[in-house]
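A quick write-up on the structure given underneath.
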Amino acid sequence: MKLISITRRLVLAGAAALPLLATAQLAQAAETIRFAVTDIAGLEDLQREYGAFRNTLAEATGYEIEFTAVNSRTAAVEAMRAKHVDFVLTGPAEYVVFRKRSDASVVVGFQRPDYFAMIVTLAESPVQGVQDLKGKKVAFGDVGSTSAHLGPMQLLADFGLDPMKDIEPLHVSRNVAVESLIKGDIAAIGMNATHLGGVREKFPDTAFKVIARGRDLPNDPLLAGAHVDKGVVDKMRAAFTQNAPALIQALLKGEDTQKYQGMHFLAAIKDNDYDYVRSMYATIGYPEYAEFVGQ
C-alpha cells in the first residue's frame, strides 16, 4: 500500500509538471523571432547585408533572430499574414500595402536623410522642366518602388503632368536607363538622391541635372505581425531607442545599407505619415491603396 501511494504521488507530480514543461518550451520557442527585409531576396544576401545588424539586435534584445527570405513584396505580406515571419523591414510603399492587407504595426522607423524622389536628365538636355517631358519617354525603376517609381510619378503629378497620360513610362534597370538617356532614347529618369550619386560614379564622363525634386519621403518602417506578443514588440522598440548608436554602426556594415548613412531610429511613427504614399497609388491608378486607414 505504501509503495502504491508513493508511486501515485510520483505520477501526480509528473502530471503536474507537464504544463510547466510545456510553458517552458513555449517560452523557449518565443525566444526566436523571424526577421525579413523586403528588398533583399536571398538568405546569403541577407546575411551579408544585415548579418552584423542582426547580431547586435540579438545582443540588445536577448532574442535569437532568424532571417527569413522573401522573394517579393507580396510574398512578405503573405508570409506575415500566415505567421511565417514576425518582423519585416520594408519601404513606405510596401507599408501601405501591409496596412491594407494585414494588421501589422510599426515598431520603429528607419529614417533616411535626403530620401526624396527626383527627375533627372542630361545637363545638356533641352528639357528644362517637367512640362517639357510631355509626350516623351521617361524611365522608372522597379514597379512599386517608393523612390524610383511611385515617388517620381507623383512628382510629375505635383508639377502638373499626368504620368499616366502625358508621358510614355518605361520600367528598366538604372544602368540601362542611363545608357538610354545618353543615347537620346529617353528624355529623363525617375530616381532618388542615393541613386543619382551612384549614377555619377558609374558614368563620370557624363553630366546630369535634376529638373524636379519631391518632398522627403516617409521612413522605412520595421513592422511587427499582429500575431507577435506585445511584450516582444515593446522589447524590440526599447532596444532601438536604447542602443541606437551600436545598431546604426552595425547596420552600416552592409553595402545596400549605405542608404541609411546619417540615419536615426524614430519611435513615434504614425499611420498618417504615409498619406503622401497613398496619394501616389491613386496617381498611378491603384485607388484601393489610396484609402486612408487609422492606426
List every residue pair whose Cβ atoms sit under 9 Å apart, with the two residues 6 or more apart in sequence or on different chains, where the first one lies in segment 144-167 and is in the same structural domain as S279 (by TED's automatic domain parsing) and more than 10 Å from G190 (Cα to Cα) and the second, anywhere, is surrounded by fewer than 17 Cβ atoms within 10 Å (Cβ to Cβ) and of a type in the set (A, V, I, L, M, F, W, C).
-> none
Scan (1) in a loop (DSSP other than H, G, I, E, B); (2) without any contact (Cβ under 8 Å) to a residue 40 or more places away in the chain for the single condition Q131 breaks and write down its number.
-> (1)
Scanning for something within 28 Å of F53 (Cβ to Cβ), outside the structural domain of P169 (by TED's automatic domain parsing) and either among the hydrophobic types (A, V, I, L, M, F, W, C) or touching a residue at least 24 places away in the same chain (Cβ under 8 Å) (or both), does segment 275-284 turn up at least one residue?
-> yes
Looking at this structure, is V88 within 15 Å of Y281 (Cβ to Cβ), among the β-branched types (V, I, T) and either in contact (Cβ under 8 Å) with a residue 12 or more places away in the chain or assigned to a strand (DSSP E or B) (or both)?
-> no
Here, strands (runs of 3 or more DSSP E) confined to segment 190-295 with at least 3 residues that are closer than 21 Å to S145 by Cα and not polar (S, T, N, Q) are 208-216, 220-224
Test each condition in (1) of a type in the set (S, T, Y); (2) assigned by TED's automatic domain parsing to the domain that holds S173; (3) touching a helix residue (DSSP H, G or I) at 6+ places or on another chain (Cβ under 6 Å) for S102 and report the one that comes out false.
-> (2)
Qualifying residues in segment 67-89 (those that are touching a strand residue (DSSP E or B) at 6+ places or on another chain (Cβ under 6 Å) and of a type in the set (V, I, T)) - the one modelled with the lowest pLDDT | V70
Of all residues in segment 143-167, count the ones that are under 24 Å from the mean Cα position of the chain (by Cα) and either among the hydroxyl-bearing types (S, T, Y) or outside any helix (DSSP H, G or I) (or both).
-> 5
Quick check: is even one residue across segment 62-70 exposed (fewer than 14 other Cβ atoms within 10 Å of the Cβ), assigned to a loop (DSSP other than H, G, I, E, B) and in the same structural domain as P245 (by TED's automatic domain parsing)?
-> yes
Among the residues of segment 194-203, write down those that are in contact (Cβ under 8 Å) with a residue 40 or more places away in the chain and more than 16 Å from A123 (Cα to Cα).
-> T194, H195
In segment 136-193, residues that are surrounded by 15 or more Cβ atoms within 10 Å (Cβ to Cβ), hydroxyl-bearing (S, T, Y) and more than 22 Å from P218 (Cβ to Cβ) total 1
Within segment 239-251, can one find any residue that is under 30 Å from T121 (Cβ atoms) and not acidic (D, E)?
-> no
Of those in segment 168-180 that are in a helix (DSSP H, G or I) and under 23 Å from the mean Cα position of the chain (by Cα), the residue farthest from V277 (Cα to Cα) is N175
If only one of A239, A226, A250 is small (G, A, S), exposed (fewer than 15 other Cβ atoms within 10 Å of the Cβ), closer than 30 Å to A60 by Cβ and in contact (Cβ under 8 Å) with a residue 60 or more places away in the chain, which one is it?
-> A226
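The values are calculated or read from the model by the stated rules, or taken from the named source; none is laboratory data. Please read all numbers here as calculations on a predicted model, not as lab measurements. No Cβ is skipped: glycine too gets one built from the backbone with ideal geometry, and neighbour counts run over all protein chains shown.
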